[in-house]
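A.B. asks: For reference, the structure I am asking about is given below.
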Amino acid sequence: MSSFPDILDKRMQTLRPPEDFLKKIHEQGRLSAHERLEKLLDKDSFIPLHRYITHRATGFGMETKKAYGDGVLAGLGTVNGRKIAVYAQDFSFMGGSVGEMHASKIARTIELALKLGVPLIGLNDSGGARIQEGVDSLKGYGEIFYRNVLASGVVPQIVAIMGPAAGGAVYSPALADFIIMTRKSYMFITGPKVVKASIGEEVTFEELGGAEVHATKSGVAHFLAENDDHAIEIIKTLLSYLPSNNTEDPPCIDTGDDPFREDPQLDSIVPEDPLKPYDVKEVIDKIFDKGSFLEVHALFATNAVVGFARLGGCPVCVVANQPAVAAGSLDIDSADKISRFVMFCDAFNFPIVTLVDVPGFLPGTFQEHGGVIRHGAKIIYAYSEATVPKITVIMRKAYGGAYIAMSSRHLGADYVLAWPTAEIAVMGPKEAIEIIYKKELEKAQNPEELAKEFAEKYRREITTPFFAASRGYVDDVILPRETRGYIFKALAFLRDKREKHARPPRKHGIPPV
Ligand code: HXC
């Protein structure tokens, strides 16, 4: 029998939300903050912070509305043996709303993540700023955001949205590196009621800010999870690729996959007809360690593919054009997707392997008026700024500005390989001939035949990868089946790359955001 009954009684109150709340959310197929933490963390690894904190607000009935912890569990723990800092918002107390004390717990958790050099994981479920606390609540949010920014590029920040994220609740996740949304969650700045009142638009929670909308259209969500359990699985998988902070390398494991394994199917994966599509994800599967590809933003801007994979057991970032969608052309959304991912990979010491098959930037007023110039420039900025090892494989088309942007030698790629099917030029042979031989073709008796002849010559002499190789822009022309071994060998050297001397000192650059 303990001689401290008071402490045990108080502690019990922090261990479980009210039964009626549990029953309600279980019926909805959701978990409580306590259960989510339990599933995420290794058994008995949780070290709680501020277990007994309560708000100090008065008025609007707040004197009687108090709970230990103020609606958020926060602390340290381990996930598969890796140390993390974590918080989980508890919707059972005032809808997980963020008051001053609630916010101070999250802010302290981020500070600890920074001090300890460990990833920050947030499990969010919140109605936003606690209305009764007024500006104290806003101050709290500001202090969280500030720390999110300080932690950016120092420790990985992952947030799972597992319920509402309304109003101010959206911006801390938006400042994190990865957002996972469960199907039952939603994120918006202003909810359907305010939308109706202010602009007369009728829209449901799901249509406005549901997980599917953010995973496919806005790109706010990087991963779409079926439910809470799935979201926690995604966090664990993602963590397995990430270093704990920016001074570490991503963790290698033994995948048992021979780095020099050749896949002959790669030799025929690019169709002979340059207009025919193929799925670049098949290429990724064949080049990298079997089953190791973790796609990020899988449902957003699908004309590009980004994600983590392993080669010889060590994590790399993969960026690829996807010829199966819009012929792999770049546009506003894919530019945002690629540039942000490249920045993350550079900050956390991942080598970047870029697989190129890109006909150019998508034309038209929608893209131009949407700022494709500004957005496209982000890719150039991100690759140019990245000092991690950069390996580029040109599989087929690499035309114009898109060729330059997709990790070309000219933006500092360390090793550029081309397949024999590569076509590298200002534009494709057909289009090039129509411009440079316009007059000859107009006068010709057999323009089609002549155009074909000229195009063939252009292909042979200009777009051939051996032309780029003769200029030193391509290091080697290889058989597709050899790609895995070539990248592996190059990476073994490039991992020790130093590039600091080439960068003049500055406070920071100004990316075209
Ligand atoms: C105080 C809140 C709250 C909030 C919810 N609650 N949100 N209390 N401040 N922001 C309380 C409710 O009063 C209720 O208390 C309990 O949490 C559960 O909420 P319900 O509404 O019953 O739950 P549900 O039906 O699931 O609806 C969830 C919800 C809704 C959609 C999130 O609660 C809601 O619309 N909340 C307000 C969202 C909002 O406008 N937030 C402020 C955004 S402005 P009881 O006591 O009845 O159990 C903002 C500005 C910050 O955040 C900007 C910083 C940059």
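The values are calculated or read from the model by the stated rules, or taken from the named source; none is laboratory data. All of these numbers come straight from a predicted model, not from anything done at the bench. Please note: Cβ atoms are built from the backbone with ideal geometry, for glycine as well, and neighbour counts cover all protein chains shown. Each accessible area value is taken on the protein alone, full model and side chains, heavy atoms only, with ligands, DNA and RNA left out. Shrake-Rupley method; radii C 1.70, N 1.55, O 1.52, S 1.80 Å.
A.B. asks: Where the centre of each part is set by its Cα atoms, how far does the range 1-40 sit from the range 448-485, in angstrom?
C.D. replies: If you average the Cα positions of each part, the centres end up 65 Å apart.
A.B. asks: Over all directions, average the projected area of the Cα convex hull of the range 102-213 and note it in nm². Write down the numbers at each step before the final one.
C.D. replies: Values: hull surface 28.3 nm².
The Cα convex hull of the range 102-213, projected and averaged over all directions, gives 7.1 nm².
A.B. asks: Another question, then. Which aspartates and glutamates have a Cα less than 19 Å from the Cα of Lys43, not counting those fewer than 8 places away in the same chain?
C.D. replies: The qualifying aspartates and glutamates are Glu35, Asp228, Asp229, Glu233.
A.B. asks: To continue, here is another question. Taking the convex hull of the alpha carbon atoms in the range 358-513, what volume per residue do you get, in Å³?
C.D. replies: Values: hull volume 22.8 nm³, N = 156.
Dividing the Cα hull volume of the range 358-513 by its residues yields 146 Å³.
A.B. asks: Report in % the part of the accessible area of the chain that belongs to carbon and sulfur, leaving out ligands and nucleic acids; probe 1.4 Å.
C.D. replies: Details: 13840 of 24130 Å².
Accessible surface attributable to carbon and sulfur in the chain totals 57 percent.
A.B. asks: Taking the full set of protein chains and a 1.4 angstrom probe, give the accessible area of Ser268 in square angstrom, rounded to the nearest 10.
C.D. replies: Counting only protein heavy atoms, Ser268 exposes about 90 Å² to solvent.
A.B. asks: Can you give the FRET efficiency to the nearest 0.05 for Thr216 and Ala347, using r as the Cβ-Cβ distance and R₀ = 35 Å? Please list the in-between numbers first.
C.D. replies: Details: r = 26 Å, r/R0 = 0.75.
Given R0 = 35 Å and the Cβ-Cβ separation, E is 0.85.
A.B. asks: Could you work out how much longer the chain between Asp496 and Glu449 gets when fully extended? Use 0.36 nm per residue separation minus the Cα distance between them, nm to one decimal. Before the final figure, lay out each step's value.
C.D. replies: Values: separation 47, 0.36 × 47 = 16.92 nm, distance 5.27 nm.
This chain segment gains 11.6 nm when fully extended.
A.B. asks: Taking every pair of alpha-carbon atoms in the range 54-156, what share in percent sits in each 10 Å bin, from 0 to the bin with the longest distance?
C.D. replies: Here the calculated profile for the range 54-156 is 17, 47, 27, 8, 1.
A.B. asks: Using a basic spin-label model with each label point 7 Å from the Cα along Cα→Cβ, how many nm lie between Ile404 and Asp476?
C.D. replies: Once both label points are built, they end up 2.9 nm from each other.
A.B. asks: Moving to a separate point now. Using +1 on the beta carbon of Lys and Arg, -1 on that of Asp and Glu, and nothing else charged, what's the dipole of the range 358-456 about the Cα centre, debye to 20? List each step's numbers first, then the result.
C.D. replies: Working: 11 positive and 12 negative charges, 75 e Å.
For this selection, approximately 360 debye.
A.B. asks: Can I ask one more? For Glu440 and Glu368, compute 0.36 nm times the residue count separating them, minus their Cα-Cα distance, and round to one decimal in nm.
C.D. replies: Working: separation 72, 0.36 × 72 = 25.92 nm, distance 3.31 nm.
Going from the current span to full extension adds 22.6 nm.
A.B. asks: Leaving ligands, DNA and RNA out of it, work out the accessible area of Phe344 with a 1.4 Å probe and give it in Å² to the nearest 10.
C.D. replies: Around 20 Å² of this residue is reachable by solvent.
A.B. asks: Say each of Asp44 and Glu461 gets a label point 7 Å from the Cα, pointing the same way as Cα to Cβ; how far apart are those two points in nm?
C.D. replies: Output for this residue pair reads 7.8 nm.
A.B. asks: Still on this structure, please answer the following. How long are the semi-axes of the equivalent ellipsoid of the chain, defined as square roots of 5 times the Cα gyration tensor eigenvalues? Whole Å, largest first.
C.D. replies: Values: eigenvalues 485, 128, 73 Å².
So the equivalent ellipsoid measures 49, 25, 19 Å along its semi-axes.
A.B. asks: Then there's this: Take the alpha-carbon centre of the range 94-163, take the same for the range 216-262, and report the distance between them in whole Å.
C.D. replies: When both Cα centres are located, 23 Å separates them.
A.B. asks: Given the whole protein assembly as supplied and a 1.4 Å probe, what does the accessible area of Glu385 come to in Å², nearest 10?
C.D. replies: 60 Å²
A.B. asks: Give me the compactness ratio for the range 98-162, meaning the Cα radius of gyration over 2.2 N^0.38 Å.
C.D. replies: Numbers: Rg = 11.8 Å, N = 65, 2.2 N^0.38 = 10.7 Å.
Relative to the rule-of-thumb radius for its length, the range 98-162 sits at 1.10.
A.B. asks: Follow-up. Among the listed pairs Lys39/Lys378; Lys39/Lys115; Lys24/Lys83; Lys337/Lys397; Lys184/Lys337, give every one whose C-alpha distance is greater than 28 Å. Working shown, then result.
C.D. replies: Details: Lys39/Lys378 38 Å; Lys39/Lys115 25 Å; Lys24/Lys83 32 Å; Lys337/Lys397 20 Å; Lys184/Lys337 24 Å.
Those over the limit are Lys39/Lys378; Lys24/Lys83.
A.B. asks: With viscosity set to 0.890 mPa s at 25 °C, what whole-number translational diffusion coefficient in µm²/s follows for the range 339-447 from Stokes-Einstein and a Kirkwood radius over Cα pairs? Walk me through the intermediate numbers first.
C.D. replies: Numbers: Rh = 15.5 Å.
D = 159 µm²/s.
A.B. asks: Treat the range 403-466 as a sphere of radius equal to its Kirkwood radius over Cα pairs and apply Stokes-Einstein at 10 °C in a medium of 1.306 mPa s; give the translational diffusion coefficient in µm²/s, rounded to a whole number.
C.D. replies: Roughly 120 µm²/s, to the nearest whole number.
A.B. asks: Related question: Would you mind checking the tilt of helix 5-15 against the longest principal axis of the Cα atoms of the chain, expressed as 0 to 90 degrees and rounded to 10?
C.D. replies: 30 degrees
A.B. asks: I've got another one for you. What number comes out for accessible area per residue over the chain if the probe is 1.4 Å? Units Å², please.
C.D. replies: 47 Å²
A.B. asks: Another question, if that's okay. Please report the spacing between the Cα centers of the range 417-441 and the range 350-409 in Å, no decimals.
C.D. replies: Taking the Cα centre of the range 350-409 as reference, the centre of the range 417-441 is 19 Å away.
A.B. asks: Positive end of the charge dipole of the range 183-248 (Lys, Arg +1 and Asp, Glu -1 on Cβ, about the Cα centre): tell me which of Leu208, Ile235, Ala225 has its Cα farthest that way.
C.D. replies: Leu208
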